[in-house]
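A short worksheet on the structure shown next.
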Amino acid sequence: MFGWFGKKKRPTEATTRGATGKVGLDQATVPENVVVYAIGDIHGRADLLEQKLNRIMADPVTHNQNKMIIYLGDLVDRGLKSREVIDLILAYEAEDIDQVWLMGNHEEFMVRFLADPENSMEWLTYGGAETLLSYNISVAAGAFNAEKAIKAAEDLQVAMQDAGHDQFFARFQDSFEMGDYLFVHAGIDPEKPIAGQGSEILRWIREPFLSFSGTLPKVVVHGHTVTEEPTVRNHRIGLDTGAYYSGQLTCLRLEGRDYRFL
């Protein structure tokens, strides 16, 4: 598994965009002065993230290139170290590197719980209980009710403030564009313009995005849908390889017209 991870060369023949303004992976590029590292769904696996960040920091680039890390969302839940994941990301803010984090559906669950815990208790069954535990907030199995949900949300808010994480959540974005690439959590609706994609689509969509076989205005880099290996198509690259249970956290490296996986 993952034995084919090597540098992928673009076709050498010259290609140009069609009159439709759409672009395929064989044409897509990022600006020459940046190397982009996109990281798939982490889900509380701080150990795997730390390994990837060390690889990124050691990855050689030219003196006129900046490094940019883009986290594709679902940083939290399921794994046991969600708080530590955020701590790691914030620690790298002190490095000479740009970081962007996108909101996934699990961050959306968490934000909903903080705002309305009584009506958002389903978050606990989707990995929220593990996130609460990472902030030292215990959840008694089979004994959770509205009163305890409110108390857990209050405790979580305090714990996030104490850890400096409340401002972290204020910086989430729904999407990010760089060169010919669009970075989102889940995907886009192929029938809608990029500017017309709402947050629900960007954080939750699977179909008709996954089965789409044409080209789009941007090559979409996304997570959300778990596959055994990264999915590479002409219009999209999927990076969710189920890190929290598979032990495989995928990072895509983009430089000019080349891509490879760390």
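Listing for the model above:
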| read-out | value |
| --- | --- |
| Pairs with Cβ under 7 Å, 6+ apart, first in the range 235-262 and closer than 22 Å to residue 212 by Cβ, second charged (D, E, K, R) and surrounded by 21 or more Cβ atoms within 10 Å (Cβ to Cβ) | 240/41 |
| Any hit, the range 62-79, residues being part of a loop (DSSP other than H, G, I, E, B), modelled with pLDDT of 95 or more and either farther than 28 Å from residue 261 by Cα or hydroxyl-bearing (Ser, Thr, Tyr) (or both) | no |
| For residue 254: the one exception among (1) touching a Pro at 6+ places or on another chain (Cβ under 7 Å); (2) within 19 Å of residue 71 (Cβ to Cβ); (3) not small (Gly, Ala, Ser) | (1) |
| Those residues of the range 121-134 which are surrounded by fewer than 20 Cβ atoms within 10 Å (Cβ to Cβ) and modelled with pLDDT of 95 or more, in sequence order | 133 |
| Extreme residue, surrounded by the most Cβ atoms within 10 Å (Cβ to Cβ), among residues of the range 211-257 that are part of a loop (DSSP other than H, G, I, E, B) and acidic (Asp, Glu) | 240 |
| Residue 48 vs. criteria buried (at least 22 other Cβ atoms within 10 Å of the Cβ), in a helix (DSSP H, G or I) and under 20 Å from the mean Cα position of the chain (by Cα) | yes |
| So residue 194, is it among the aliphatic types (A, V, I, L, M), more than 14 Å from the chain's Cα centre (by Cα) and either farther than 25 Å from residue 68 by Cα or modelled with pLDDT of 95 or more (or both) | no |
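The values are calculated or read from the model by the stated rules, or taken from the named source; none is laboratory data. These figures come from a predicted structure and were not determined experimentally. FYI the Cβ positions are ideal-geometry reconstructions off the backbone, even for glycines, and counts take in every protein chain you see.
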